[in-house]
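J.: Handing you a structure now.
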Amino acid sequence: MTAPSTAHRDRKQTVPNTSPPRIHLGPHRDSSLVRGIEQGGGILVPLADADAVVWARGPGTFPDNLPATVRWVQLPAAGVEPWISAGIVDDGRIWTSAAGAYARNVAEHGVLLLLAGVRALTGQVRATSWRKAEFDPRVGTLHGSTVAIIGCGGIGRAMIPLLTAFGARVLAVTRSGGPVPGAAETADATRTAEIWSRADHFVIAAPATSATAHLVDADALARMKSTAWIVNVARGSLIDTDALVRALADGSIGGAALDVTNPEPLPEGHPLWTLPNAVITPHVANPAAGLTAVLADHVTANVERFAAGKPLLATIDIERGY
């Protein structure tokens with residue numbers, strides 16, 4: 001349900017290279033990724049000559065066939081379910097995602113969304129008159145609150161110091177329930193049902209798999225406090241949208257701030273656009289304009305590891321779906 005532990009993601013090893021890794025960069029030569037590959041000690045080559053591939057676009061642009069010499073493929077996305085469902089990811093070579101590469105960007109946006117909700121910012125910025133008496137009692141604070149991060153992987157861990165700086169207490173939910181640096185408490189995924197009634201607010205940061213579809217359903221929403229805000233920076237499928245709309249409309253929770261939705265894009269006329277306790281951003285927590293510049297450091301680290309035969313970062317497990 002959560003992002004796998006670093007130990008799990010990094011367990012696969014490659015054979016050390018006796019010469020600089022031959023990397024094919026596709027589908028175009030992005031300057032940031034060229035830098036990342038070269039800083040890691042790789043050399044750029046045509047696909048036919050490559051023993052590794054770094055890909056910068058979506059699954060629709062990926063080659064139909066890879067040379068047998070390709071032993072590792074670096075994908076540009078942290079969420080790789082479209083790549084797996086398209087049948088691109090196979091078990092004949094090592095595949096790595098961008099999990100963790102964008103964590104700081106997404107964490108910053110997630111805290112922004114939570115603050116906007118808790119402090120009733122959306123209604124205030126839309127107001128065209130001075131309405132202090134209306135908004136004053138609705139403005140809350142993160143100080144002294146408990147924020148549960150459901151799926152506390154790279155993004156969640158990057159959020160912890162930001163949240164604690166505001167005086168919040170973080171309850172981290174992970175697959176294993178092992179200690180998470182900075183969290184006041186951790187719980188394993190089997191205890192998620194009890195968390196809904198224990199925390200003041202929630203950040204959803206788990207991967208999208210068949211096991212996490214509608215993780216936040218009507219029952220979970222009913223267990224939450226009436227002042228609770230939910231932030232989703234993972235995938236829209238983790239929340240039952242119809243159940244969420246009902247909870248927002250009847251005021252049984254405080255609100256929802258979503259950077260991802262189901263369906264996505266969210267169609268015009270959908271209730272989430274007009275509900276006063278819903279905040280929607282169009283999947284911009286990790287803006288596409290700066291994606292490859294952020295990914296470059298991740299690529300550098302993996303090229304270095306590939307060259308040395310060390311375990312690669314963010315290895316994809318096809319069975320788990322991430």
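The values are calculated or read from the model by the stated rules, or taken from the named source; none is laboratory data. Keep in mind it's a predicted model, so treat the numbers as computed, not measured. Neighbour counts run over all protein chains shown; Cβ positions are idealised from the backbone, glycine included.
J.: Go through the stretch 307-322 residue by residue and tally those that are modelled with pLDDT under 95 and either buried (at least 20 other Cβ atoms within 10 Å of the Cβ) or touching a Lys or Arg at 6+ places or on another chain (Cβ under 7 Å) (or both).
T.: Number satisfying all stated conditions: 1.
J.: Step by step: first the residues of the stretch 277-306, then only those that are among the small types (Gly, Ala, Ser) and exposed (fewer than 15 other Cβ atoms within 10 Å of the Cβ), then the one that is nearest to ARG29 (Cα to Cα). Which residue is that?
T.: ALA293
J.: State whether the residues of the stretch 268-288 include one that is within 30 Å of LEU313 (Cα to Cα), of a type in the set (Ser, Thr, Tyr) and touching a helix residue (DSSP H, G or I) at 6+ places or on another chain (Cβ under 8 Å). Before the answer, list the steps.
T.: Our first condition is that a residue be within 30 Å of LEU313 (Cα to Cα); within the stretch 268-288, this holds for 281-288.
From what's left, of a type in the set (Ser, Thr, Tyr): 281.
Those left that are additionally touching a helix residue (DSSP H, G or I) at 6+ places or on another chain (Cβ under 8 Å): 281.
Among the residues of the stretch 268-288, at least one is within 30 Å of LEU313 (Cα to Cα), of a type in the set (Ser, Thr, Tyr) and touching a helix residue (DSSP H, G or I) at 6+ places or on another chain (Cβ under 8 Å), which makes the answer yes.
J.: Restricting to the stretch 254-307, what's the tally of residues that are within 13 Å of PRO76 (Cα to Cα) and in contact with a strand residue (DSSP E or B) (Cβ under 9 Å, 6 or more places away or on another chain)?
T.: Within the stretch 254-307, residues that are within 13 Å of PRO76 (Cα to Cα) and in contact with a strand residue (DSSP E or B) (Cβ under 9 Å, 6 or more places away or on another chain) number 4.
J.: Sort out which residues of the stretch 139-153 are under 23 Å from LEU238 (Cβ atoms) and either within 20 Å of the chain's Cα centre (by Cα) or touching a residue at least 60 places away in the same chain (Cβ under 8 Å) (or both), and write them in order of number. Break it down into steps so the answer makes sense when it comes.
T.: First, pick out the residues of the stretch 139-153 that are under 23 Å from LEU238 (Cβ atoms): 142, 145-153.
Across the stretch 139-153, the qualifying residues are VAL147, ALA148, ILE149, ILE150, GLY151, CYS152, GLY153.
J.: Another one. Can you list residue pairs whose Cβ atoms sit under 7 Å apart, with the first residue in the stretch 154-178 being over 15 Å from ASP200 (Cβ atoms) and the second being of a type in the set (Asp, Glu)? Count only pairs 6 or more apart in sequence or on different chains.
T.: Listed by first residue and then by second, the contacts come to THR174/ASP188; ARG175/ASP188; SER176/ASP188; GLY177/ASP188.
J.: Might you check whether a residue that is surrounded by fewer than 17 Cβ atoms within 10 Å (Cβ to Cβ), touching a helix residue (DSSP H, G or I) at 6+ places or on another chain (Cβ under 9 Å) and either at pLDDT below 95 or in the same structural domain as LEU33 (by TED's automatic domain parsing) (or both) occurs anywhere in the stretch 151-170?
T.: no
J.: Related question: Considering (1) touching a strand residue (DSSP E or B) at 6+ places or on another chain (Cβ under 8 Å); (2) surrounded by fewer than 20 Cβ atoms within 10 Å (Cβ to Cβ); (3) in the same structural domain as VAL34 (by TED's automatic domain parsing), say which one GLY79 fails and leave the rest.
T.: The single condition GLY79 does not satisfy is (1).
J.: Now for a separate question. Which residue is nearest to GLY153 (Cα to Cα), if the candidates are limited to the stretch 216-227 and must be more than 21 Å from the chain's Cα centre (by Cα) and not in a helix (DSSP H, G or I)?
T.: MET224
J.: Residue by residue through the stretch 275-306, note down the ones that are assigned to a loop (DSSP other than H, G, I, E, B), among the polar types (S, T, N, Q) and at pLDDT 95 or above. If you could, list the steps in order and put the result at the bottom.
T.: Restricting attention to the stretch 275-306, the residues satisfying the condition of being assigned to a loop (DSSP other than H, G, I, E, B) are 275-277, 281-287.
Retained after the next criterion (residues that are among the polar types (S, T, N, Q)): 277, 281, 286.
ASN277, THR281, listed by residue number.
J.: Only residues in the stretch 308-321 that are farther than 19 Å from ALA101 by Cβ count as the first member; pair them with residues that are of a type in the set (A, V, I, L, M), Cβ under 6 angstrom, at least 6 apart or cross-chain, and list the lot.
T.: Pairs found: GLY309/VAL15; ILE318/VAL89.
J.: Give the residue, chosen from THR227, THR190, THR174, THR209, that is touching a His at 6+ places or on another chain (Cβ under 9 Å) and hydroxyl-bearing (Ser, Thr, Tyr).
T.: Numbers: THR190 fails: touching a His at 6+ places or on another chain (Cβ under 9 Å); THR174 fails: touching a His at 6+ places or on another chain (Cβ under 9 Å); THR209 fails: touching a His at 6+ places or on another chain (Cβ under 9 Å).
It is THR227.
Quick grid of which residues meet (1) touching a Gly at 6+ places or on another chain (Cβ under 8 Å); (2) closer than 17 Å to GLY117 by Cα; (3) in the same structural domain as ARG71 (by TED's automatic domain parsing):
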residue: ASP217; (1), (2), (3): no, no, no
residue: ALA222; (1), (2), (3): no, no, no
residue: TRP229; (1), (2), (3): yes, yes, no
residue: ASN232; (1), (2), (3): no, yes, no
residue: GLY254; (1), (2), (3): yes, yes, no
residue: ASN302; (1), (2), (3): yes, no, yes
residue: THR315; (1), (2), (3): no, no, no
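J.: Of all residues being aliphatic (A, V, I, L, M) and part of a helix (DSSP H, G or I) in the stretch 228-250, which is nearest to ALA172 (Cα to Cα)? Just the residue, please.
T.: LEU238
J.: For the subset of the stretch 178-215 comprising residues that are in a strand (DSSP E or B) and not charged (D, E, K, R), which member is surrounded by the most Cβ atoms within 10 Å (Cβ to Cβ)? If you could, list the steps in order and put the result at the bottom.
T.: In the first step, residues of the stretch 178-215 are kept if they are in a strand (DSSP E or B); the result is 185-188, 201-204.
Now drop any that are not not charged (D, E, K, R), which leaves 186-187, 201-204.
Working: THR186: 18, ALA187: 19, HIS201: 27, PHE202: 26, VAL203: 30, ILE204: 25.
That would be VAL203.
J.: Sticking with this structure for a sec: Can you find a residue that is at pLDDT below 95 and closer than 23 Å to VAL203 by Cβ anywhere in the stretch 135-143?
T.: Checked against the condition, which is being at pLDDT below 95 and closer than 23 Å to VAL203 by Cβ, the stretch 135-143 yields at least one hit.
J.: Tell me the strands (runs of 3 or more DSSP E) entirely within the stretch 1-98 that contain at least 3 residues that are modelled with pLDDT of 95 or more and among the hydrophobic types (A, V, I, L, M, F, W, C). Working first, answer last.
T.: Working: elements: 22-26, 52-55, 72-74, 94-96.
Qualifying strands (runs of 3 or more DSSP E): 52-55.
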